[in-house]
1. Assess whether GLU352 counts as being within 30 Å of ASN261 (Cα to Cα), among the acidic types (Asp, Glu) and touching a Phe, Trp or Tyr at 6+ places or on another chain (Cβ under 7 Å).
2. How do the strands (runs of 3 or more DSSP E) wholly within region 101-197 filter down when requiring 3 or more residues that are among the hydrophobic types (A, V, I, L, M, F, W, C), modelled with pLDDT of 95 or more and under 30 Å from GLY231 (Cα atoms): which remain?
3. Would you check if there is a residue in region 286-303 being out of contact with any strand residue (DSSP E or B) (no Cβ under 9 Å at 6 or more places or on another chain) and in a loop (DSSP other than H, G, I, E, B)?
4. Between residues in region 85-102 that are buried (at least 18 other Cβ atoms within 10 Å of the Cβ) and residues that are of a type in the set (Lys, Arg) and not in a loop (DSSP other than H, G, I, E, B), which pairs lie under 6 Å by C-beta distance while being six or more apart or on different chains?
5. Assess whether TYR354 counts as being on the phi < 0 side of the Ramachandran plot, open to solvent by 30 Å² or more (accessible area, probe 1.4 Å), hydroxyl-bearing (Ser, Thr, Tyr) and out of contact with any Gly (no Cβ under 6 Å at 6 or more places or on another chain).
6. Please determine, by comparing only the residues of region 1-16 that are open to solvent by 30 Å² or more (accessible area, probe 1.4 Å) and under 24 Å from ASN60 (Cβ atoms), which one is nearest to the chain's Cα centre (by Cα).
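The values are calculated or read from the model by the stated rules, or taken from the named source; none is laboratory data. Here the structure is a predicted model, which means the values were calculated and not measured. Because the Cβ atoms are built from the backbone with ideal geometry, glycine has one as well, and the counts that use them run over all protein chains shown. Ligands, DNA and RNA are excluded from the accessible area calculation, which covers all protein heavy atoms including side chains. Shrake-Rupley method; radii C 1.70, N 1.55, O 1.52, S 1.80 Å.
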Amino acid sequence: MSLNSWGMYPLIKNEKVVFQNERELQDKILENKNYIPFGNGRSYGDSALNENIIYCKPYNYFLDFDENTGLLHCQSGVMLSEIIEAFIPKGWFLKVTPGTKLITVGGAIASDVHGKNHHVEGCFSSCVEEFTLILPNGEIKTCKKDDELFKLTCGGMGLTGVILEAKIYLKKINSKYINQTTIKTKNLKETFEAFEKYSHLPYSVAWIDCLAKAENIGKCLLMVGDFANDGKLDFKEKKKINIPFNFPSFALNNLSVKAFNWLYYKKAPNGESKQKVDIDTFFYPLDAINNWNRIYGKGGFTQYQFILPKDVSYNGLKEILGEISNSGKGSFLAVLKLYGKENENYLSFPIEGYSLALDFKIERGLFELLDKLDQIVLKYNGRIYLTKDVRVSKETFEKGYPNIEKFRALRKEYSMDKKFQSLQSKRVGI
């Protein structure tokens, strides 16, 4: 059975090497083949797809935990969900988490994932003390902060080697609940004002209506919050809804997206509202639905995520939202986030500014629309997120990442370019 990405596009036949033993993996890497590491398959596009895959998820033991510092030592196949389930009852949580907990630690490092608190905590690499990496020659190297290999691998999309183990710092908490404030805005100006007003809070994220027009462009529901302090740490996994089959491709269309957006926005009270919500509701709403990617039909979907520098984010987002609204190819999952300063990793996505992530069903005319959006992103000196991408051109990608030539040169120096490849790396020339 072939392994596929979460977006279910493209489909490719592949052979997998199940990684459970370091010695066996070293031998496999020395064979005359090229590989890409694969975790839990939650990358949206083709960044973890290749003819030969190293399946890392079974390499998944906790190795040590320091209760004084919160330093967790684990193997790379450990899922964020497993960390959450084991450590919330002890009063610990992830310092940085993306919008799904169903990814591996190795995948979190390779994508240098970010979350709702980037403006405070930065990317996942900020909480990584060190990790071990198998290089193309079979050598196992320990990579620490400020090491060249650390900066190359964090955000390096699995193209530097296979991450074996990692030491990451967790965050002390005293509740499984978040005190959440929801702010309903009427347009993009109000949305930006709300983000800045609440930027002192550690967590913020906005759902935005990407089909709104004219004076309503950029209207949103902004959710901000911080952990409660009630001592309630009895965390348990919720029962999940399951999508048992692929929806018909016609089910998701302009009318259904408009209806969803109208209902979702309408249900929120005007102004501000406060409530206490659990960790899953605040951080991982989509994880409550098994196989939610099937909503987009058997043709699959892609997420288009870009980021713009802060001083031009308003104008850039207004132009992009106008283009999307006029196209009629809306997304009911449109997420706007605020970011802090850029880190030193060569291919990490975030820069100081705002990003927008949109899910689109793969259909006729979509890639032409995304090509238009690419040009607007470049016009405002932005960049595209590789973890979500399945179609960006080499030229567009390169313009967004000033350290690309350094990344390429180091890949070549370590012979990584011959051993570790993905469909994406071949497409964008990394």
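1. When the stated conditions are applied, GLU352 passes them.
2. 162-172
3. There is at least one residue in region 286-303 that is out of contact with any strand residue (DSSP E or B) (no Cβ under 9 Å at 6 or more places or on another chain) and in a loop (DSSP other than H, G, I, E, B).
4. From residues that are buried (at least 18 other Cβ atoms within 10 Å of the Cβ), the pairs are PHE93/LYS171; LYS95/LYS171.
5. Judged against the criteria, TYR354 is not a match.
6. This residue is ASN4.
Let's see how each residue does on (1) open to solvent by 30 Å² or more (accessible area, probe 1.4 Å); (2) free of Cβ contacts under 8 Å to residues at least 40 places away in the same chain:
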position: LEU152; (1), (2): no, no
position: THR160; (1), (2): no, no
position: LYS176; (1), (2): yes, no
position: LYS189; (1), (2): yes, no
position: TYR198; (1), (2): no, yes
position: SER249; (1), (2): yes, no
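Residue-wise test of (1) under 19 Å from LEU222 (Cβ atoms); (2) buried (at least 20 other Cβ atoms within 10 Å of the Cβ).
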position	(1), (2)
ALA259	no, no
TYR265	yes, no
LYS276	yes, no
ASP287	no, no
ASN293	no, yes
TYR296	no, yes
GLN303	no, yes
LYS318	yes, no
